[in-house]
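The values are calculated or read from the model by the stated rules, or taken from the named source; none is laboratory data. All of these numbers come straight from a predicted model, not from anything done at the bench. Ideal geometry is used to build each Cβ from the backbone, glycine not excepted, and the neighbour counts take in all protein chains shown. These accessible areas exclude ligands, DNA and RNA; they are computed on the full protein's heavy atoms, side chains included. Shrake-Rupley method; radii C 1.70, N 1.55, O 1.52, S 1.80 Å.
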Amino acid sequence: MADNVTSLFRSTAAHSPSMAALTRESDGAGPVDFCIPCNPYFPTPAMFEDMAVRLREIITYYPSSADTITAELCSLLRLPPQCVAMGNGSTELITWIDHLLVRESLAVPVPTFGRWTDQPMETGKRVDMFPLQESSGFALDLAQYAEFIRARGTRVAVICNPNNPDGGFLHRHAVVQFMDAMADLDLVVIDESFLEFADAENEPSVVQEAMLRPNVVVLRSLGKNFGLHGIRFGYLVANPALAGKVRSMLPKWNLNSFAEHVVFMLKEHGAEYAQSLHQVRRDRMDMSGQLSALPGLTVYPSQGNFLFVRLPVGAEGTVVRDRMLTEHRILVRECGNKIGSSSRFLRLVVRPQVDVRRLVTGLEQVLYGTSRRGAAGPEQATGTGYSSGTPAVDRLVSRTNGAGMPGLAAQAAGAGVPGLAAAPGAGAGMPLPAAASAAVPQPVPQQLPQPEPLPQSLAPVAAMTPAAPMGPAAMAPAAPVAAPVPMAAPVPMAAPAPMVPAATVAPVVQAPPAAAMPGPTPPGVPARGGLTAAQVRGTTEPGPAPVPAAGWPHSQSWPNAAGMG
């Protein structure tokens with residue numbers, strides 16, 4: 001595998017080669033997986049044994065229809081089946097959300113799950129990317145995000161809670177306020193794929209609110225929570241009209257027999273599932289503490305089943321990734337191909353303590369050891385530019401350098417076309433409306449931050465002007481909302497990035513009045529004075545080519561409104 005490891009990563013259509021591909025390249029045993037965020041404690045050995053005994057029956061016959069499987073899942077979750085659509089993995093549902101419900105533009109904080117940027121770009125939509133700041137621990141400020149959406153006239157907003165790859169968490173009341181403020185958008189998507197692993201709040205899910213709103217979809221995962229990524233199943237929750245629109249487009253047998261078997265056996269294993277989530281949360285705290293002890297390694301607070309870490313100065317992610325795999329048989333997720341991230345960051349999945357000790361030992365040798373090929377720090381890697389795994393998206397992002405059709409952005413800026421302002425150069429920061437641009441970066445918090453309530457001026461949608469700038473008075477916080485005590489998180493060891501001098505900050509771009517807004521912007525062109533993907537990444541040159549108790553617990557005893565932990 002040592003000779004082929006780089007080509008394995010460059011030839012895959014995903015961010016990492018599959019476990020099957022890695023196993024074929026080795027002696028028949030795959031590496032320890034710190035890359036794919038999967039529950040390592042579920043299904044139980046007894047459940048795997050049951051599936052093994054019934055393997056021939058499961059794979060020989062057609063599954064039941066998706067309606068039958070969905071009805072069983074909804075009985076377990078205590079959700080109305082007409083509000084649920086099950087898909088062959090969350091990516092299938094994201095694809096249909098894009099095709100059916102996203103008309104022109106979509107806003108999403110970055111870095112995040114790549115399909116939320118790549119999927120709409122593949123279909124020619126404008127993607128307005130709101131960069132999360134390392135200086136604030138990649139926390140999402142919902143008030144600034146709302147301003148960003150209004151200034152750009154975006155029609156669809158996405159939030160991942162917890163966010164992937166950093167594990168940032170938003171409390172339920174703040175998400176509900178945001179949904180209310182965005183009630184006039186075409187769609188608001190709350191991706192709760194990793195919410196099962198959160199423990200900062202007893203009931204963090206907004207599925208109950210989504211069913212009552214005309215423009216909200218909540219996305220949930222099953223493969224991640226149940227430790228069965230290979231089965232490919234997930235679901236969305238929305239009002240009956242939205243859920244029915246997606247459900248009507250799905251094939252009759254889009255769910256396989258393994259998915260059916262697992263869904264129908266879950267009611268007998270609720271206690272084991274709850275215990276598995278509890279163990280993952282304990283492991284997350286232990287793993288965070290061990291990684292934080294490594295010199296120069298920054299660990300960010302997370303509510304997912306993974307940790308986002310910044311490597312010490314001089315260490316390069318692809319070098320660390322390749323050496324961890326070839327020398328220690330450990331697979332890690334290097335995040336250089338995530339928009340808004342870089343190759344200095346790794347996402348490490350929470351695993352049992354015995355595996356974490358092996359991970360820490362490997363990192364110590366790769367980052368600081370001298371007995372093998374020297375420290376990883378001085379090595380310079382190639383091929384760290386953004387690669388979505390989809391050639392069409394890579395050409396759009398890299399070849400055009402964020403200009404869309406060649407020369408269009410420059411011609412528009414030179415002609416003084418309204419709504420297209422010159423974007424700042426690399427490192428100049430994201431232009432925000434005046435009320436938000438003066439915010440001083442804060443150091444990474446020592447605890448999970450309590451979200452600030454959205455400005456009162458955002459709440460009454462009927463009185464809102466889509467592109468109106470928000471003055472200082474509008475940014476005054478609303479009356480505080482009671483929130484649970486935050487869970488203590490490890491303190492990152494690295495100091496926050498230095499502040500950019502005022503003289504180098506890009507000028508504030510004020511959005512034109514709503515009447516002056518131009519029509520849809522071609523893909524890749526800066527969105528109404530915003531940034532393109534290349535500029536968000538801070539690059540101005542095209543990157544390289546892509547390389548005990550029985551029974552399921554009552555919903556009231558589960559930590560969220562979906563009844564699923």
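Counting only residues that are open to solvent by 10 Å² or more (accessible area, probe 1.4 Å) and assigned to a helix (DSSP H, G or I), the stretch 173-183 holds 4 of them. When the stretch 302-343 is filtered for residues that are under 14 Å from the mean Cα position of the chain (by Cα) and polar (S, T, N, Q), the ones remaining, listed by number, are 302, 303, 305, 337, 341. Within the stretch 74-118, the set of residues being farther than 12 Å from residue 236 by Cα, assigned to a helix (DSSP H, G or I) and open to solvent by less than 10 Å² (accessible area, probe 1.4 Å) comprises 77, 98, 116, 117, 118.
Table: residues versus (1) part of a loop (DSSP other than H, G, I, E, B); (2) under 18 Å from the mean Cα position of the chain (by Cα); (3) of a type in the set (Gly, Ala, Ser).
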{"position": "124", "(1), (2), (3)": "yes, no, yes"}
{"position": "127", "(1), (2), (3)": "no, yes, no"}
{"position": "139", "(1), (2), (3)": "yes, yes, yes"}
{"position": "143", "(1), (2), (3)": "no, no, yes"}
{"position": "151", "(1), (2), (3)": "no, no, yes"}
{"position": "158", "(1), (2), (3)": "no, yes, no"}
{"position": "166", "(1), (2), (3)": "yes, yes, no"}
{"position": "185", "(1), (2), (3)": "yes, no, no"}
{"position": "189", "(1), (2), (3)": "no, yes, no"}
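Pairs are defined by a Cβ separation below 7 Å, a sequence spacing of at least 6 or placement on different chains, a first member in the stretch 75-92 that is over 22 Å from residue 251 (Cβ atoms), and a second member that is in a strand (DSSP E or B) and basic (Lys, Arg); no pair meets this definition. Considering the stretch 197-315, the qualifying strands (runs of 3 or more DSSP E), each wholly inside and each with 1 or more residues that are out of contact with any helix residue (DSSP H, G or I) (no Cβ under 7 Å at 6 or more places or on another chain), more than 30 Å from residue 177 (Cα to Cα) and basic (Lys, Arg), run over 306-310.
Scanning the stretch 39-73 for residues that are over 26 Å from residue 236 (Cα atoms) and of a type in the set (Phe, Trp, Tyr) turns up 48, 61. If only residues of the stretch 312-346 that are closer than 22 Å to residue 121 by Cβ and out of contact with any strand residue (DSSP E or B) (no Cβ under 7 Å at 6 or more places or on another chain) are counted, the one that is surrounded by the fewest Cβ atoms within 10 Å (Cβ to Cβ) is 342.
For residue 243, the requirement of being farther than 21 Å from residue 83 by Cα, of a type outside the set (Phe, Trp, Tyr) and open to solvent by less than 10 Å² (accessible area, probe 1.4 Å) is not met. Annotation note: of 191, 186, the sole residue that is touching a Leu at 6+ places or on another chain (Cβ under 8 Å) and farther than 29 Å from residue 270 by Cβ is 186.
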